[in-house]
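Notes follow the structure.
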Amino acid sequence: MRAATLALLTLLAAAARPAAAQEEYGAKGLFPAYDAGGHWLIYDKTSAKGGSKALKLGGRFLLVGSEGAELFSVAHASAAYGGACRGRKPARLRAAILSGPRKAVGDPIVAIKVPQSFTLKGSRAVYRALPNAVDEPLYQSLGAALNAAIVEEAKSGAFRFKADDEGAAAFAADPKPEKVLVKIDYAAKVEVAGLADARVLVTGAQISNSFRRCLRLADGDKLIGGCVEMPHDLMAETALLRFVSYDPGGKGNPLLLAYTKDAPLWGHERWGFALRGAGARSLMHDAMDPRCREGF
């Protein structure tokens, strides 16, 4: 079991490096998983032709869902639509149907490619559902730090203003914290090695007519690392997302996963982040795209 756990942790460490495009997800061994018409699907986005060997019949995956994680295997693979758009049209992608103990998993979120020898016997993985726990004391402890961080991000250019935002120049000339509107949409305690009082936050910041949504990590009243941007255009409001953490080794190196329980206007979404003592990193953001959002 130790060798299998180390193999999974090595894969997840590699996956923590940000992808250049969502087509690379499959190449990293991470496949956002969806319930589509009663079938649990993963799409191959490794290339335009979808040449990943991971989707071959019998291929094994650790499927992490809303209630736990179990081993699944590929029962069928074929071409399908709904996973992506290219050139403003639905893309025909290779997709695999996964078979396994659905009731133990809940709603599917992400499938992680594992070797045939991988087993969950003796697993020390820690799984937690993370309900929203935003309250006034949280604002009091982190409000000043959030405002200061957003001002610095605006100064550095990390906070990108809309091209037609006439107030951008005025803020650049006089970047005062009181000109920043901050909202904490989501917060939950998490267990992260090296942090005494770790919390994960999803914040929204508005300066003039420009808005930015971020996932952030905090330790007590201090922010750890920077903003991991959660693009907001054509994506679900944070209130529609549910969050879970999955720590494969049980040693404080969790994955934070977010998913939509009820389909938003543009289709179901899957988000993934790696939480570490130095901050949070993006693993994936993806959407089931039956209406081809690029066409709107």
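The values are calculated or read from the model by the stated rules, or taken from the named source; none is laboratory data. Keep in mind it's a predicted model, so treat the numbers as computed, not measured. Positions of Cβ are generated from backbone atoms using ideal geometry, with glycine treated the same way; all protein chains shown enter the neighbour counts.
The single residue among ALA280, ALA258 that is in a strand (DSSP E or B) and under 15 Å from ASP185 (Cβ atoms) turns out to be ALA258. Among the residues that make up the range 87-97, is at least one of them without any contact (Cβ under 8 Å) to a residue 40 or more places away in the chain and assigned to a helix (DSSP H, G or I)? No, the range 87-97 contains no residue that is without any contact (Cβ under 8 Å) to a residue 40 or more places away in the chain and assigned to a helix (DSSP H, G or I).
Each residue in the range 261-277 was checked for being basic (Lys, Arg) and in a loop (DSSP other than H, G, I, E, B), and 1 of them qualify.
Is at least one residue of the range 120-131 in a strand (DSSP E or B), outside the structural domain of GLY204 (by TED's automatic domain parsing), of a type in the set (D, E, K, R) and in contact with a helix residue (DSSP H, G or I) (Cβ under 7 Å, 6 or more places away or on another chain)? Scanning the range 120-131, I find no residue that is in a strand (DSSP E or B), outside the structural domain of GLY204 (by TED's automatic domain parsing), of a type in the set (D, E, K, R) and in contact with a helix residue (DSSP H, G or I) (Cβ under 7 Å, 6 or more places away or on another chain), so the answer is no. Look at the range 263-277: where a residue is on the phi > 0 side of the Ramachandran plot and a partner is modelled with pLDDT under 95 and part of a strand (DSSP E or B), sitting 6+ places away or on another chain with Cβ atoms under 9 Å, you get GLY267/TYR34; GLY267/THR260; GLY267/ALA287.
A single entry from THR238, THR260 fulfils the requirement of being in contact (Cβ under 8 Å) with a residue 24 or more places away in the chain, of a type in the set (Ser, Thr, Tyr) and within 13 Å of LEU215 (Cβ to Cβ): THR238.
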